[in-house]
Amino acid sequence: RDWSVTEVQTCALPISEEIERLTSALRENSMTIRMMPIRNTFEKFRRLVHDLARDLGKNVELTIEGAETELDKTVIDQLGDPLMHLIRNSMDHGIEPPERRVVAGKRSIAIIHLSARHSGASVLIEVSDDGAGINSEAVRTRAIERGLTTAEAHLSEQEIFAFIFQPGFSTAKQVTDVSGRGVGMDVVRQRVDSLRGTIDVSSQPGQGTCVTLRLPLTLAIIDGLLVSVGDAHYVLPLANVLECIELTQADIDHANGKHMVNVRGEVVPYIRLRE
């Protein structure tokens, strides 16, 4: 029989949808094969903590949470060095000697806690301790000495903590086998950046420090938002997109030439990618 255009389109639509369904299922199955629990990576640090505690004369216990959290094997393989440096940094700089902990009203045995959990399209990995916390003033003073900032600069706590990840930065008074060379935290930053992740540091004086690594579940496939600017096309990782809103000519005129837009009553600045 002779097929009309409408009939061909009607028949083709379910076929294309079926192909899309099958390819999505194949992708999901392939991803499942790549996913592995992070338990083995966490468990191997027990020996590191034990040996470092003996060398530093400190009593430290490692606790683990969320060891069954699954990550792409490619990501897991890249986590060993960053976690090692974070643990070493906590034990040398953060955790106090037993006698000083007792005077401060703490248990003589310190805790380093490794945890992992899913958060949307990411995994949050935390390395925390119940030590002395980060001395932000000491970090700021060292940053001034190295010319990374000035004494007149008004810095937030997060901006001060960011200096810790600068190459060659260390607050240690002397170089030892554990610290003082300023290479550990720099390695953490480089490796996390290569995994398209982020680092967040929080610390309370006398209470401890928590470093949170936010990492993508996988590096194999990235859901993206395709946008065009002039003749160029770009893909924005969907995990970094909060929402899409329309910028109308009326919005542009109302802003009197300023790059500002009203989003549900909140004035938000924007950047024109074309420029």
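Below, the figures for the structure above:
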{"item": "Close pairs (6 angstrom Cβ cut-off, 6 or more residues apart or separate chains): within 17 Å of Cys244 (Cβ to Cβ) and surrounded by 11 or more Cβ atoms within 10 Å (Cβ to Cβ) in segment 254-265, charged (D, E, K, R) and modelled with pLDDT under 90 anywhere", "result": "Val261/Asp251"}
{"item": "Some residue of segment 212-219 being open to solvent by 70 Å² or more (accessible area, probe 1.4 Å) and hydrophobic (A, V, I, L, M, F, W, C)", "result": "no"}
{"item": "Some residue of segment 59-78 being of a type outside the set (Asp, Glu), buried (at least 18 other Cβ atoms within 10 Å of the Cβ) and more than 25 Å from the chain's Cα centre (by Cα)", "result": "yes"}
{"item": "Within segment 200-254, tally of residues that are among the polar types (S, T, N, Q), within 30 Å of Ile87 (Cα to Cα) and out of contact with any strand residue (DSSP E or B) (no Cβ under 6 Å at 6 or more places or on another chain)", "result": "3"}
{"item": "Positions within segment 107-140 being more than 13 Å from Leu71 (Cβ to Cβ) and open to solvent by 60 Å² or more (accessible area, probe 1.4 Å), in sequence order", "result": "Arg107, Ile109, Gly120, Asn135, Glu137"}
{"item": "Filter result (at pLDDT below 85 and open to solvent by less than 50 Å² (accessible area, probe 1.4 Å)) within segment 177-199", "result": "Val178, Ser179, Gly180, Gly182, Gly184"}
{"item": "Matching helices (runs of 4 or more DSSP H) fully within segment 56-149 where at least 2 residues are touching a residue at least 40 places away in the same chain (Cβ under 8 Å), of a type outside the set (Phe, Trp, Tyr) and under 22 Å from Arg34 (Cβ atoms)", "result": "73-77, 80-89"}
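The values are calculated or read from the model by the stated rules, or taken from the named source; none is laboratory data. Values in this document were obtained by computation on a predicted structure and should not be read as measured data. Using ideal geometry, Cβ is built from the backbone for each residue, glycine included, and neighbour counts are taken over all protein chains shown. Calculation scope for accessible area: heavy atoms of the full protein, side chains included, ligands and nucleic acids excluded. Shrake-Rupley method; radii C 1.70, N 1.55, O 1.52, S 1.80 Å.
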